[in-house]
Amino acid sequence: MRPENYEAIKQPPSNEFELNFGPNHPGIEGNYAFRVKLNGDEVLSARADAGYLHRGFEKLMEGRLWIQNIALVPRICVPDPVPMEVCYSLAIEELCGLEIPERAMWLRVMQLEMSRLAAHLFAFGGHAATTGMYTPMFWGVADRDLILDRFEELTGGRVYSIYNIPGGVRRDMPDGFLDRLGTLLDYLDSRLPDYDSLFFRNQVFIKRARDVGAMTQEQALKWGVTGPNLRATGLAFDVRRDDPYLVYDKIDFDIVTEPGGDALSRNLVRRAELKQSIRILRQIIKHLPSVKGAVRCPIPNPLAWNVPAGETYTRVESSKGELAYYVVSNGGDKPYRVHVRGPSSMHAVQVLEKLAVGSRLEDVAQIMFSLDACPPEVDR
Amino acid sequence: MSKELNLWLDDLLKDIKIIQFKRKNSRRVRIDIAPEALPALLELLQGRASYVHLSAITCVDWIEDDEFELVYHVWSYETNSLVSAHTRISRDPGVYLSVYDLYTPAAFFERDIHEMFGLYFEGSPDMEKFILTEWNGPPPMRKDFDSEAFVNQTFSWEEYHPQWLKDIEAEGGGITTRPEDVR
């Protein structure tokens, strides 16, 4: 029964439809969503939808003491929290003109590389899961847990260590820590061939990931891509070498590049960086006992600490790319403004929106994991 | 090569009267420039001096001066140095030009600043809400937005005292709250 004035809406026939991909989806990294427009299973356009993790870090930091924020910053990136602490501490040290002891620098680099190892294991494990291979994910998470054990021993915290404070690190290593770290590195090193045969040289993975989410070097530079994703397009750039901080200029390591620019290349870069991080940590184990002295320089009473007025932009290389903090002080006991530039704020939004177009629906999650996007860095 | 190009930058910029040039160290340069000249400066830096990577755009709310400070951090992969270009614009009406045509990543930062500070960028491709999709209040990162006052106005404090806790307390257990901790 239709009313008399009924008139069907005229529109051309269409096979297009919109799909909400996330925020509660096993293939997506964290609480993050996409609105994808599809024709069949081909993605016509993708639109990032963030905000599910917004905790207002930048505003919260303006209301807390400089030292209190140390407990806040690692929460901005869950899989790789140490670079956050180090970058924020470096900013305060630069504003105050503090010179931190050399031993503290080596301890920081040690944690940074441990954190990078843990984050890379997590990243390619997640990627494997999106292609239907769950074993590498379980292996990666299990091996990451062994690194977290060492974090627990060193800092007391497994994920958020809150160990780096302005002026150095909180305390020195426990006795025999370096030996146990060395044993762990030997184990991880022996696992790499297993990972190769299970995942990185697995034809299932190679066929799935080759030419998926590919970008050229020119596009990567234009879109603000950094870190392993940029190195996967063939550009040898690393903040650790080209804008050195702490003691990275005294450490010998290679910058690994891959020419492809696709999901496969990005994973191969991470695979090679595991090796490089192990190499850096072995140098640290060798060198650290010869660096004596304090692990912290004297700082004012942290509860009544007025950081001199000024502004600074500090950058470090996190496992995801270029991480930077812009910190402004007006001479008070709290920051006037802190801006967090997370690498994923580019990768998870603009770059992913562009790379997803033309791909198939089952590859969207794969592209996101191959970019190692970390949604909390977008939401902050 | 890197050193030569850096010095070339010093020579290039020292003759321009409307900008203040300050070298912090060999890799960090601070430039203060008038807002009308900033897009031209960025175009110069990108086209002539290889500063192709826009690392970030930061907005700082200087409420006492009634101004927003915008900081454009650009990085050169050739000379390995970072230029931070600072400019100040009036808080009211808070409108500025987009640099999206020079740097693609600017779209994200401009959208973020628009959402958090209420600053509008003319020519930016996308000014839609992103993170605060269900927020209708004033831009929250402005200094005149007081988070604590907002929370007290919007939400009411409630005593959490469910029946199961009352039962436990009747048997002599439960959470003990000191009188001075009761809000």
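The values are calculated or read from the model by the stated rules, or taken from the named source; none is laboratory data. The structure presented is a predicted model; accordingly, all values stated were derived computationally and were not measured. Don't worry about glycine lacking a Cβ; one is built from the backbone with ideal geometry, like all the others, and counts go over all protein chains shown. Calculation scope for accessible area: heavy atoms of the full protein, side chains included, ligands and nucleic acids excluded. Shrake-Rupley method; radii C 1.70, N 1.55, O 1.52, S 1.80 Å.
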Proximal lysine pairs in the range B:2-181, meaning Cα under 26 Å and 8 or more positions apart or interchain, come to 7
Rounded if a/c is under 1.5, else prolate if a/b beats b/c, else oblate: with a ≥ b ≥ c from the C-alpha gyration tensor eigenvalues square-rooted, which is chain A?
oblate
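So how strong a dipole does the range A:335-380 carry about its Cα centre when Lys and Arg Cβ are +1 and Asp and Glu Cβ are -1, to the nearest 20 debye?
260 debye
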Counting other chain Cβ atoms within 10 Å of each Cβ in B:120-130 and taking the mean gives 1
Largest to smallest principal axis extent of the C-alpha atoms in the range A:1-123, angstrom:
84, 35, 20
Estimated 222 nm signal from helices in chain A, with DSSP H stretches of n ≥ 4 weighted -39500 (n - 2.57), rounded to 500:
-12500 deg cm²/dmol
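Kindly compute the accessible surface that chains A and B hide from a 1.4 Å probe when together, both sides summed, and give it to the nearest 100 Å². Working shown, then result.
Values: alone 16280 and 12010 Å², together 24840 Å².
Accessible area lost upon association: around 3500 Å².
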Report, as an integer, the average count of C-beta atoms from other chains found within 10 Å of each Cβ along A:321-330.
3
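Is any helix in chain A, taking whole DSSP H runs, at least 27 angstrom long along its axis by alpha carbon and on average at least 0.0 on the Kyte-Doolittle scale, and which ones?
Numbers: long enough: A:102-130 (42 Å, 0.27); A:135-155 (30 Å, -0.07); A:263-287 (36 Å, -0.32).
Span-like helices here: A:102-130.
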Where only protein heavy atoms count, and the probe is 1.4 Å, what is the accessible area per residue for the protein assembly as shown in Å²?
44 Å²
For a quick check of understanding: with a 1.4 angstrom probe and all protein chains in place, what accessible area in square angstrom does A:Met114 have, to the nearest ten?
0 Å²
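Which of rounded, prolate or oblate describes the range B:39-137 when judged by the alpha-carbon gyration tensor and an a/c cut-off of 1.5? Working shown, then result.
Working: a/c = 2.19, a/b = 1.58, b/c = 1.38.
Because a/c hits 1.5 or more and a/b exceeds b/c, the range B:39-137 counts as prolate.
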In the neighborhood of A:Gly213, defined by Cβ-to-Cβ distances under 13 Å, what is the net charge if each Lys or Arg adds +1 and each Asp or Glu adds -1?
-1
Across the range A:16-379, how many lysine pairs, 8 or more positions apart or on different chains, have C-alpha atoms separated by under 29 Å? Please give the number.
22
Ignoring ligands, DNA and RNA, the residues of the range A:241-265 whose accessible area with a 1.4 Å probe is reduced by 10 Å² or more relative to the chain alone are A:Asp242, A:Asp243, A:Pro244
Binning every alpha carbon pair distance of the range A:1-72 at 5 Å from zero, what are the percents per bin?
3, 12, 13, 11, 10, 10, 10, 9, 7, 5, 3, 3, 2, 1, 0
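Rounded if a/c is under 1.5, else prolate if a/b is larger than b/c, else oblate: which is the range A:98-142, with a ≥ b ≥ c the root eigenvalues of its Cα gyration tensor? Can you show the working numbers first?
Values: a/c = 7.79, a/b = 4.17, b/c = 1.87.
Prolate, because a/c is 1.5 or more and a/b exceeds b/c.
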